[in-house]
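K.L.:
Please see the structure below; I have some questions.
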Amino acid sequence: MVNYRRNFVPGGTYFFTATLKNRRSQLLLKHVDLLRQSFYQMKKERNLHVNAIVILPDHIHTVWTLPPGDNDYSNRWKMVKGLFTKSLKEKGFSFKHNHKGEHQLWQPRYWEHTITDEQDLENHINYIHFNPVKHGLVKEVKEWPYSSFHRYVNDGRLPNDWGGKAKDFKGLYGE
């Protein structure tokens, strides 16, 4: 097994990808209200700033900035995943368990990247906002409702037509 070491920077900014175990699942979109409640509860108890986020059918991309002196993103993810799983169970869903007794809804880990500078931050936020187009879910960024892109437009940080049309971006972001 690979010995992966996470980078913990107090007050750092991080890009994350968290994925459901079943990559064909639509649970994140079908129950986006429960996922949002899970995030709100975590943010209420464990302060942080969500710089950008996109919710896709089976995974989430987000950029978080932690408070000064705080590097505990691991327990925040544990809380989001646990609250969402608990909410689904309360709605009647059941999930298989692994050998440790953990529910098998989420992949056990998440991908994390420590943001290094302003350009890295901008690149990752752009990646997040363009991701629904990359996955063929919409033709234009503005069409995807589960994205912080709309907050960026409302705040005047991006134009509503940012990202153009999918056909204009062949080769961008891994296409």
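The values are calculated or read from the model by the stated rules, or taken from the named source; none is laboratory data. As the structure is a computational prediction, the values presented were derived from the model and not from experiment. Don't worry about glycine lacking a Cβ; one is built from the backbone with ideal geometry, like all the others, and counts go over all protein chains shown.
K.L.:
Filtering region 37-46 down to residues that are part of a helix (DSSP H, G or I) and more than 15 Å from the chain's Cα centre (by Cα), which residue is surrounded by the most Cβ atoms within 10 Å (Cβ to Cβ)?
P.N.:
Of region 37-46, the ones part of a helix (DSSP H, G or I) are 37-45.
In the following step, the residues that additionally are more than 15 Å from the chain's Cα centre (by Cα) were identified as 41, 44-45.
Working: Gln41: 15, Lys44: 8, Glu45: 10.
Among those that are part of a helix (DSSP H, G or I) and more than 15 Å from the chain's Cα centre (by Cα), it is Gln41.
K.L.:
Take the residues in region 151-175 that are at pLDDT below 90 and in a loop (DSSP other than H, G, I, E, B), then tell me which one is nearest to His135 (Cα to Cα). Give the steps one after another, and end with the answer.
P.N.:
To start, the set of residues in region 151-175 that are at pLDDT below 90 comprises 163-175.
From the residues that got through so far, the ones that are in a loop (DSSP other than H, G, I, E, B) too are 163-164, 170-171, 175.
Values: Gly163: 14, Gly164: 15, Lys170: 12, Gly171: 13, Glu175: 9 Å.
For region 151-175, the residue satisfying everything is Glu175.
K.L.:
Which of the following residues is within 24 Å of Phe130 (Cβ to Cβ), of a type in the set (Val, Ile, Thr), at pLDDT 95 or above and out of contact with any His (no Cβ under 9 Å at 6 or more places or on another chain): Thr17, Thr62? Before you say what the answer is, go through the steps one by one.
P.N.:
Values: Thr17 fails: out of contact with any His (no Cβ under 9 Å at 6 or more places or on another chain).
Only one candidate passes the filter, namely Thr62.
K.L.:
Hey, among the residues in region 98-115 that are modelled with pLDDT of 90 or more and more than 15 Å from Arg6 (Cβ to Cβ), which one's surrounded by the most Cβ atoms within 10 Å (Cβ to Cβ)? Spell out how you get there, then give the answer.
P.N.:
Taking region 98-115 and keeping what is modelled with pLDDT of 90 or more, we get 106-107, 110-115.
After this cut, where a residue has to be more than 15 Å from Arg6 (Cβ to Cβ) as well, the list is 106-107.
On the way: Trp106: 22, Gln107: 17.
My answer is Trp106.
K.L.:
Just to verify a result, which residue in region 147-167, among those that are surrounded by 15 or more Cβ atoms within 10 Å (Cβ to Cβ) and free of Cβ contacts under 8 Å to residues at least 12 places away in the same chain, is farthest from Arg24 (Cα to Cα)?
P.N.:
Start the filter on region 147-167 by keeping residues that are surrounded by 15 or more Cβ atoms within 10 Å (Cβ to Cβ), which leaves 147-150, 152-153, 158, 162-163, 166.
Next, only the ones that are free of Cβ contacts under 8 Å to residues at least 12 places away in the same chain stay: 150, 153.
Working: His150: 26, Val153: 30 Å.
Restricting to residues being surrounded by 15 or more Cβ atoms within 10 Å (Cβ to Cβ) and free of Cβ contacts under 8 Å to residues at least 12 places away in the same chain, the top hit is Val153.
K.L.:
Given the structure, is Phe16 part of a loop (DSSP other than H, G, I, E, B) and aromatic (Phe, Trp, Tyr)? Steps first, answer last, please.
P.N.:
Numbers: part of a loop (DSSP other than H, G, I, E, B): no; aromatic (Phe, Trp, Tyr): yes.
For Phe16, the condition - part of a loop (DSSP other than H, G, I, E, B) and aromatic (Phe, Trp, Tyr) - is not met.
K.L.:
So Trp144 passes all but one of these: (1) surrounded by 15 or more Cβ atoms within 10 Å (Cβ to Cβ); (2) modelled with pLDDT under 95. Which condition number does it fail?
P.N.:
It is condition (2) that Trp144 fails.
K.L.:
Can you tell which of Leu34, Leu29, Leu83 is surrounded by 13 or more Cβ atoms within 10 Å (Cβ to Cβ), assigned to a helix (DSSP H, G or I), touching a residue at least 60 places away in the same chain (Cβ under 8 Å) and aliphatic (A, V, I, L, M)? Working first, answer last.
P.N.:
On the way: Leu34 fails: touching a residue at least 60 places away in the same chain (Cβ under 8 Å); Leu83 fails: touching a residue at least 60 places away in the same chain (Cβ under 8 Å).
One residue alone meets the criteria, Leu29.
K.L.:
State all residues of region 1-26 that are of a type in the set (Ser, Thr, Tyr) and surrounded by 12 or more Cβ atoms within 10 Å (Cβ to Cβ); if no residue qualifies, say none. It would help to see each step written out before you state the result.
P.N.:
Step one: list which residues in region 1-26 are of a type in the set (Ser, Thr, Tyr), which gives 4, 13-14, 17, 19, 25.
Of everything in region 1-26, those that are of a type in the set (Ser, Thr, Tyr) and surrounded by 12 or more Cβ atoms within 10 Å (Cβ to Cβ) turn out to be Thr13, Tyr14, Thr17, Thr19, Ser25.
K.L.:
What is the one condition in (1) surrounded by fewer than 17 Cβ atoms within 10 Å (Cβ to Cβ); (2) within 25 Å of Gln119 (Cα to Cα); (3) over 11 Å from the mean Cα position of the chain (by Cα); (4) modelled with pLDDT of 95 or more that Val50 does not satisfy?
P.N.:
(3)
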